[in-house]
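Taking it in order: structure first as structure tokens, then the write-up.
Coordinate-derived values only; no laboratory data. The structure displayed is predicted, hence computed values, not measured ones. As a convention, Cβ positions derive from the backbone with ideal geometry for all residues, glycine included, and neighbour counts pool all protein chains shown.
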Amino acid sequence: MSRILIIDDQDPIRRVLREILENEKYQVDDANNGAKALQMIKEQEYDAVLCDIKMPEMDGLEVLEHIKEMSEVPVIMVSGNSSPDEAARSIKKGAFDFIEKPPEMNRLLITVRNALDKKNLSTENKALKKVVNRQSEMIGNSAPMMVVRDMIEKVAPTGARVLITGENGTGKELVARQLHELSSRRYAPFIEVNCAAIPSELIESQLFGHEKGSFTSAIKQRKGDFELANGGTLFLDEIGDMSLAAQAKVLRALQENKIVRVGGEKEIPVDVRILAATNKDLKKMIDENAFREDLYHRLSVIVIHVPPLRERKDDIPLLVDNFVNNISQNMGKAVPKFTDEAMEELKQYQWTGNIRELHNIVERLVILCGSTISKDDVIHFGNPLK
């Protein structure tokens, strides 16, 4: 049940507002001055606040400023002698909305519902962001990983283009996400394109969009990933699988900061930071005329190499602990314990599939084994490629 705080120095107004809101099954608290209200907000989390502007000692705009410093709760300002300037100042200081006294009941309830929707959406976004951050967290304190972390911290704020290299399953996408999250673009979109998963005849439409009727299945206009990532980061995963024709268009976009949709003529300006990743030897591909050298130099201002798991085996216990906790939580199971011998056995493998392979094996062990996972369990159920 949503909890709402009413702040007003007039008892009759507080009673009327309380009756209206309680009839809608909201929990309602009230305060007759700003100081008391601020103390209540410190002690209790509210989903919305209704605050009068004209109050003695501390007026509503001052209360609003203090609330915004200590909470993200949406604040609806209320005034009996309102003016356009007063409403504008309220919104500028962070008020969710502004309504006049005496409030018309439908207008009041719609405004409150909208404020509560905003609060719920903000809470859901925070929870989702925590999940995403946990899933994209880079685990490991080994020397090779500390080199990668150091590079990320230095490069992320600069806006430079980065080429991320490494074998399949090493976590190149996590590096890209960290570069985005630690950059000034972190509140803008992060768009990922798996160049290997998109047919060559569709990659240009995916990246640059298309106009209606530009090809048989183009039944409506579509924005491409360059436009969708505008202001943010575009991550081109498996860049080595991109066709030469698409490479040429990407190169032009990087040179001119403009794109043209498939079937279109209009140039569309874009502001995008490009991160690329590959498990292939692009220099060898250049020699074989399979990758453009000029595009390579555009993409590889900075190169970050992600080490394979066999070169960072000291991180295996941390990775296993993280995987076991997440997998068990998702399955609603008690977290099993790996014996020291089981952990040492895991360290002996070559991990050709890297972190992805380790995750799959840990998931298999959690599903098939009991509360304690032994060395024999790892040997019997793990079945990794040695």
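Annotation: the antiparallel percentage among DSSP beta bridges lying fully within the chain is about 10. For the stretch 3-132, taking Cα atoms only, Rg and Dmax work out to 14.1, 47 Å respectively. Among the listed pairs Lys42/Lys101; Lys347/Lys375; Lys284/Lys313; Lys25/Lys68; Lys313/Lys375, those whose Cα-Cα separation exceeds 21 Å are Lys42/Lys101; Lys284/Lys313; Lys25/Lys68.
Shape index of the stretch 136-307: Rg/Rh, with Rg the Cα radius of gyration and Rh the Kirkwood radius from the inverse mean 1/r over Cα pairs, equals 0.98.
Taking a cut-off of 13 Å between Cα atoms, list the aspartates and glutamates near Lys119, but don't count ones fewer than 8 places away on the same chain. Correct list for Lys119: Glu45, Asp47, Glu72. Less than 5 angstrom separates the built amide H of His305 from those of Thr165, all sequence-distant by 5 or more or on a different chain. Cα centroid separation, the stretch 155-224 to the stretch 323-386: 33 Å. Per residue, the convex hull spanned by the Cα atoms of the stretch 163-223 amounts to 112 cubic angstrom. The length gained by stretching the chain between His380 and Leu116 to full extension, at 0.36 nm per residue less their Cα-Cα distance, is 89.7 nm.
So if R0 is 22 Å, what FRET efficiency would Glu288 and Arg310 give, r being the distance between their Cβ atoms, rounded to the nearest 0.05?
0.20
Measuring between alpha carbons in the structure, the pairs from Lys54/Lys93; Lys154/Lys249; Lys220/Lys266; Lys118/Lys220; Lys172/Lys223; Lys154/Lys223 lying more than 21 angstrom apart are Lys154/Lys249; Lys118/Lys220; Lys172/Lys223; Lys154/Lys223. The orientation-averaged projection of the convex hull spanning the C-alpha atoms of the stretch 18-82 amounts to 4.5 square nanometres. Taking the C-alpha atoms only, the angle from helix 11-23 to the longest principal axis of the chain is near 50 degrees. Listed from fewest to most Cβ neighbours within 10 Å, the set Phe381, Phe98 follows the order Phe381, Phe98. In the stretch 136-238 the Cα-Cα distances spread across 5 Å bins starting at 0 as 2, 11, 19, 20, 17, 12, 8, 6, 2, 2, 0 percent of all pairs. Annotation: aspartates and glutamates with alpha-carbon distance below 19 angstrom to Lys212 (same-chain offsets under eight excluded): Glu201, Glu204, Asp225, Glu227, Glu265, Glu267. Remark: the stretch 165-177, residue by residue, has Karplus-estimated 3J(HN,Hα) of 10, x, 5, 4, x, 8, x, 5, 5, 4, 5, 4, 5 Hz, where x stands for each Gly or Pro and the curve is 6.51 cos²θ - 1.76 cosθ + 1.60 at θ = phi - 60°. For the stretch 250-264, putting each phi into the Karplus relation 6.51 cos²θ - 1.76 cosθ + 1.60 with θ = phi - 60° gives couplings of 5, 4, 5, 4, 5, 6, 10, 6, 9, 9, 10, 5, 4, x, x Hz, in residue order, rounded to whole numbers and with x for Gly and Pro. The Stokes-Einstein estimate for the stretch 310-382, based on a Kirkwood radius over Cα pairs and taken at 25 °C with 0.890 mPa s viscosity, is a diffusion coefficient of 203 µm²/s.
Of all the options Asn81, Asn33, Asn279, the one that moves most in a Gaussian network model of the chain with Cα springs shorter than 10 angstrom is Asn81. Restricting the calculation to alpha carbons of the chain gives Rg and Dmax of 28.0, 83 angstrom. The value of relative contact order for the chain, using C-alpha pairs under 8 Å at least six residues apart, is 13 percent.
Please arrange Arg149, Arg177 by counting, for each residue, the other beta carbons lying within 10 Å of its beta carbon, fewest first.
Arg149, Arg177
Between Ile99, Ile198, Ile355, which gets the highest mean-square fluctuation from a Gaussian network model of the chain, Cα cutoff 10 Å? Comparing Ile99, Ile198, Ile355 in a Gaussian network model of the chain, the most mobile one is Ile99.
Each residue of the stretch 362-376 is assigned a 3J(HN,Hα), and the resulting list reads 4, 4, 4, 5, 5, 6, 8, 9, x, 6, 10, 9, 9, 4, 4 Hz, derived from the Karplus form 6.51 cos²θ - 1.76 cosθ + 1.60 (θ = phi - 60°), x at Gly and Pro.
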